[in-house]
1. Could you list, in sequence order, all residues of the range 247-270 that are without any contact (Cβ under 8 Å) to a residue 24 or more places away in the chain, surrounded by 15 or more Cβ atoms within 10 Å (Cβ to Cβ) and farther than 13 Å from Asn132 by Cβ?
2. Run down Gly436, Gly419 and say which single residue is within 27 Å of Gln19 (Cβ to Cβ), modelled with pLDDT of 95 or more, open to solvent by less than 20 Å² (accessible area, probe 1.4 Å) and assigned to a helix (DSSP H, G or I).
3. Scan the range 104-150 for residues that are open to solvent by 30 Å² or more (accessible area, probe 1.4 Å), part of a helix (DSSP H, G or I) and among the basic types (Lys, Arg) and report the count.
4. Looking at the range 153-174, which of its residues are open to solvent by less than 50 Å² (accessible area, probe 1.4 Å), farther than 15 Å from Arg22 by Cβ and either hydroxyl-bearing (Ser, Thr, Tyr) or in a strand (DSSP E or B) (or both)?
5. Test each condition in (1) polar (S, T, N, Q); (2) touching an Asp or Glu at 6+ places or on another chain (Cβ under 7 Å); (3) surrounded by fewer than 20 Cβ atoms within 10 Å (Cβ to Cβ) for Ser373 and report the one that comes out false.
6. Pick from Asp243, Asp228, Asp237: which is closer than 24 Å to Phe429 by Cα, out of contact with any Pro (no Cβ under 6 Å at 6 or more places or on another chain) and open to solvent by 20 Å² or more (accessible area, probe 1.4 Å)?
7. Would you point out which residue out of Leu344, Leu366, Leu401 is of a type in the set (A, V, I, L, M, F, W, C) and either open to solvent by 10 Å² or more (accessible area, probe 1.4 Å) or closer than 30 Å to Pro37 by Cα (or both)?
8. Quick one: is Leu126 modelled with pLDDT of 95 or more and under 30 Å from Asp249 (Cα atoms)?
Amino acid sequence: MLLFAMGFLLVILRPSMGQFPRVCANTQSLLSKECCPLWDGDGSPCGELSSRGSCQNILLSQAPLGPQFPFSGVDDREDWPSVFYNRTCRCEGNFMGFNCGECKFGFSGINCTERQLRTRRNIFQLTIIEKNKFLAYLNLAKNIPSQDYVIATGTYTQMNNGSNPMFRDINVYDLFVWMHYYASRDTFLGGSNVWRDIDFAHEAPGFLPWHRAFLLMWERQIQKITGDENFTIPYWDWRDAEDCGVCTDEYMGGRHPTNPNLLSLASIFSSWQVICTRLEEYNSQQALCNATGEGPIRRNPGNHDKSRTPRLPSSADVEFCLSLTQYESGSMDKTANYSFRNTLEGFADPQTAISNPSRSGLHNALHIYMNGSMSQVQGSANDPIFVIHHAFVDSIFERWLRRHRPILEVYPAANAPIGHNRENYMVPFIPLYRNGEFFKSSRELGYDYEYLQEPALQSFQDFLTPYLQQARQIWAWLVGAAVVGGIVTAVLTGLIKACRKEKRGTSSEIQPLLIESEDYNNITYQSNF
């Protein structure tokens, strides 16, 4: 009954966030390279008549890129989305969306002026009703076609430069699986040749902002197709876990009794079909994933390569990672040392922050541990554990932001791998978002984490840490100031005593005051400082 009611909502609710807007997936839009749909509210492109936005040329970043991708003009994702469109809606104020028909994250109301702050909660602290609703929402998303978005089934060249559009429908959940695949797929170089060292969502500075935006869009989609505006993604706190606590039929699906690589038939996820997992087949055919079902979800947690991931992440691993002061460093890829991003992503050792490609830590460790659909980058979002795992990774990112309070300029503006500079647009999102737009506190984006709201000693420590680090940087100056202050105090004390002795031998009527009492108090305050 619950699923039937949710299905009925599809008729009256129109999601509006994802990849290629349906209204722009046509010959006219591709040949004109313009995607500025009408806003239903006033019938004008981008809601211009209501001052929501206007159709504008896309401003691309000209900052230099890193050396990891030595090509130009061979991949549709370069300078996203200019291969497909060079004019899109630029929204004003708190408006957002491919036609400026939505509110920015963190705002609501008819005119998008009402601030909102929702809380993401630990999945194990949900009530049975809340947990079952979350599972039902996931299943609904898997079975409802996206009304506003389609996916590309061919490259721009295969579309004959726009004159032969190649798009197809997709359900809401798989839309996000496909986007994750598209951002991380290999580059086709012709014949059966590909370039593998490219990823617009991983192995570089944009990893955390990209997935933050991805989760916010996914969350917004669930809110719209269900009508539940208060829905938030729960997170799985996997610190110090001894096994996969969510891998039960009560939560994300238990183990099949006769085939340990599959899910229990008692789980609703056992009937799900994965997409975008046959990477070598796509590469050999120089073809994009077309979202055709490719079999059931595979998962065999714990039976993975122990030499690569000897254990699940610990609380100590997370705390060490949080202590790193540099967001990014060096080559700004998976070989970066002492990088918070690279350590949290899992390419650097969580105890030393030294890059170690042969091991997988923190974020990567969970993917490897699942030993199945989750363990392949491009298709990892097929497993619904992906969502609750990345919600917790995002919470660690949030803790780092609150502890170190970086300014926007901390995020690299240039020389990062392709697609990862601060002003680059994230692939493959339309509406457009820059990496730097999500390098900010989650509270500014309208959400928080339950465990970060609790008044605890750790919260005070997170608050105090940046000030202690600043004190260490000026410690030598503070010591010097104290020494000078002591000398000044001693000199003043000696002068005052000498003046008092002289005063005893001089008439009070003609003895001048050495210093007024108000000035004396000021000097004492300064010398003590």
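The values are calculated or read from the model by the stated rules, or taken from the named source; none is laboratory data. In this text, all values refer to a predicted model and were calculated from it rather than measured experimentally. Cβ placement follows ideal geometry from the backbone for every residue including glycine, while neighbour counts extend to all protein chains displayed. Heads up: the accessible areas ignore ligands, DNA and RNA and are worked out on the full protein's heavy atoms, side chains in. Shrake-Rupley method; radii C 1.70, N 1.55, O 1.52, S 1.80 Å.
1. Within the range 247-270, Gly254, His256, Ser264 qualify.
2. Exactly one residue qualifies, and that residue is Gly436.
3. Residues flagged as open to solvent by 30 Å² or more (accessible area, probe 1.4 Å), part of a helix (DSSP H, G or I) and among the basic types (Lys, Arg) within the range 104-150 amount to 1.
4. Initial filter on the range 153-174 (open to solvent by less than 50 Å² (accessible area, probe 1.4 Å)): 153-156, 159, 162, 165, 167, 170-174.
Checking which are farther than 15 Å from Arg22 by Cβ leaves us with 154-156, 159, 162, 173-174.
Hits for the range 153-174 are Thr155, Tyr156, Tyr173.
5. (3)
6. Details: Asp243 fails: closer than 24 Å to Phe429 by Cα; Asp237 fails: closer than 24 Å to Phe429 by Cα.
Sole residue among the options that is closer than 24 Å to Phe429 by Cα, out of contact with any Pro (no Cβ under 6 Å at 6 or more places or on another chain) and open to solvent by 20 Å² or more (accessible area, probe 1.4 Å): Asp228.
7. Going through Leu344, Leu366, Leu401 in turn, just one is of a type in the set (A, V, I, L, M, F, W, C) and either open to solvent by 10 Å² or more (accessible area, probe 1.4 Å) or closer than 30 Å to Pro37 by Cα (or both): Leu401.
8. Working: modelled with pLDDT of 95 or more: yes; under 30 Å from Asp249 (Cα atoms): yes.
Judged against the criteria, Leu126 is a match.
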